[in-house]
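Okay, structure first, notes after.
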Amino acid sequence: MYLKICFNCLSEEIVKDQISGFCPVCNSKFQFFDGCDKLTYLHADMDAFFANVEILDNPELEGKPVIVGGDPKSRSVVSTCSYEARKYGVHSAMPLYKAKKLCPNGLFIYPRMERYVEISKQVFKIFETFTPDFEPLSIDEAFLDLKGTESLFGHPIISALKLKNKIHSKLGITVSIGVAHNKFLAKLASDEKKPNGLFVLTPKTYQSYLDNLKIEKMWGIGRKTVPILKRNNIYKIKDLRICSESKLKKIFKNQWIHFYRLSRGQDERIVETTHTTKSVGHEVTLQEDIRDKNKMLKILWELSEKVARRLNRKNLRGSTLTIKLKTSNFKLITRSITKELFFFIDIDIYETAINILNRVDLTNIKVRLLGISVSNFQRKVDKKQLTLFENNEMDPRKEKLNQTINALKDKFGEKAITRALSIEK
């Protein structure tokens, strides 16, 4: 199945075959995308932002080599420049005197940060009209997660087009957007069709795209690392992808698995917003204080079920588990553990909570409150995305059972199915 889109009319349709054709309304050529159900991540990057704001405020600068930074005789550097100036080799962070040599007819302008911040805030307000889940990276770029917005704005590719159009019509500046199923790929994609572009990486196309990129494009590869990689015959991302584990460990030390995953397009980071959930938990204040450990275990199981359900609803998994106890004299006790395996299945949460509780000295203690929380989140990924080097020994049968239990509860209610642990003996 393919997603057929008219980029001009913003119409979309699911079709069986990729048959080229033209929109009957506007005569634009249809665009086809395969495997688009997981494309919820956008990276929006305002084009030559400072320079475009200057052109917005002074239209006479349109089409001219604008260089924002100040006096070329000073020791300052280029903040940004228009695409006309870039044709001369001028780029951000270049010393202004050098920019003047490369582009003697350039129009050098002092930065007006207050104005740039003002426009940036307006752009971010437009982001908020599409989703509350956006993560500013700087004054002129941000990640957006459009999961769950399809019924309001259409497929995220359509949303990206609408977002571009809205920013341009309301503010007069252009933005380039990358669409993909994770942050790493979306950021790469946004750079592909600049300026004023839209580029989509689907699960069917991203690996071939990555393989052909120069290694300098890899997120996190700095200038000092590039010569080391090239000495090891790593010039493209594909070269890194096919590297042996031993060579990667030698080059990247304890960061090797990070770059191993990125070379395969794997990135589990979520969009971090100001309101992003930091932890998922549940606690209960007991009707009477207890010291019976078996009663505590029963309560821990009930809490584990509730926390797991919330994690699965939010599509989250966390590597840190915390239990909380409040004693009869109101003393608060918390204990945490962080593991390489992620918590999102009730039985795993429960068994780990027991292990943590066993480390607490309960001698002469009465408990009036118990709680469990999970934090340090990543989005859950499909099992097939896990690499052979990933330290995750999740039993696929356990995960399948977890999915089935959650599906039944979603359909028939919380009491539709339960584990034997929940049954009173």
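Structure data summary
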{"quantity": "The stretch 242-254 residues that are outside the structural domain of Ile228 (by TED's automatic domain parsing), paired with ones that are modelled with pLDDT of 90 or more and not hydrophobic (A, V, I, L, M, F, W, C) (beta carbon under 8 Å, 6 or more apart)", "calculated": "none"}
{"quantity": "Criterion: in contact with an Asp or Glu (Cβ under 7 Å, 6 or more places away or on another chain) and surrounded by 14 or more Cβ atoms within 10 Å (Cβ to Cβ) - qualifying residue of Val68, Val123, Val78, Val90", "calculated": "Val68"}
{"quantity": "Single match in Gly70, Gly21, Gly89 (criterion: of a type in the set (Gly, Ala, Ser) and in contact (Cβ under 8 Å) with a residue 24 or more places away in the chain)", "calculated": "Gly70"}
{"quantity": "Counted residues, the stretch 324-372 - those being assigned to a strand (DSSP E or B) and out of contact with any Gly (no Cβ under 7 Å at 6 or more places or on another chain)", "calculated": "17"}
{"quantity": "Filter result for Arg269 (under 30 Å from Asp361 (Cα atoms) and touching a helix residue (DSSP H, G or I) at 6+ places or on another chain (Cβ under 8 Å))", "calculated": "no"}
{"quantity": "Test result for Leu316, touching a Gly at 6+ places or on another chain (Cβ under 9 Å), buried (at least 17 other Cβ atoms within 10 Å of the Cβ) and not assigned by TED's automatic domain parsing to the domain that holds Ala142", "calculated": "no"}
{"quantity": "Residue in the stretch 42-60 that is in contact (Cβ under 8 Å) with a residue 12 or more places away in the chain, among the small types (Gly, Ala, Ser) and loosely packed, with under 15 Cβ neighbours inside 10 Å present", "calculated": "no"}
{"quantity": "Test result for Val307, under 33 Å from the mean Cα position of the chain (by Cα), β-branched (Val, Ile, Thr), surrounded by 14 or more Cβ atoms within 10 Å (Cβ to Cβ) and at pLDDT below 90", "calculated": "no"}
{"quantity": "Residue under evaluation Asn165, criteria (1) of a type outside the set (D, E, K, R); (2) modelled with pLDDT under 95; (3) loosely packed, with under 15 Cβ neighbours inside 10 Å, criterion not met", "calculated": "(2)"}
{"quantity": "Test: residue in the stretch 153-170 that is assigned to a strand (DSSP E or B) and among the small types (Gly, Ala, Ser)", "calculated": "no"}
{"quantity": "Scope the stretch 5-21; condition part of a strand (DSSP E or B) and either in contact with a helix residue (DSSP H, G or I) (Cβ under 7 Å, 6 or more places away or on another chain) or modelled with pLDDT of 85 or more (or both); matching residues", "calculated": "Ile5, Glu12"}
{"quantity": "Some residue of the stretch 220-228 being closer than 29 Å to Phe33 by Cα and either in a helix (DSSP H, G or I) or in contact with a Gly (Cβ under 6 Å, 6 or more places away or on another chain) (or both)", "calculated": "no"}
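Quick grid of which residues meet (1) free of Cβ contacts under 8 Å to residues at least 60 places away in the same chain; (2) assigned by TED's automatic domain parsing to the domain that holds Lys187; (3) outside any loop (DSSP other than H, G, I, E, B):
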residue	(1), (2), (3)
Pro104	yes, no, no
Arg115	no, yes, yes
Phe124	yes, yes, yes
Glu128	yes, yes, yes
Pro132	no, yes, no
Glu135	no, yes, yes
Phe143	no, yes, yes
Lys147	no, yes, no
Ser151	yes, yes, yes
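The values are calculated or read from the model by the stated rules, or taken from the named source; none is laboratory data. Only a predicted model underlies this, so the values are computations on that prediction, with no experimental measurement involved. Don't worry about glycine lacking a Cβ; one is built from the backbone with ideal geometry, like all the others, and counts go over all protein chains shown.
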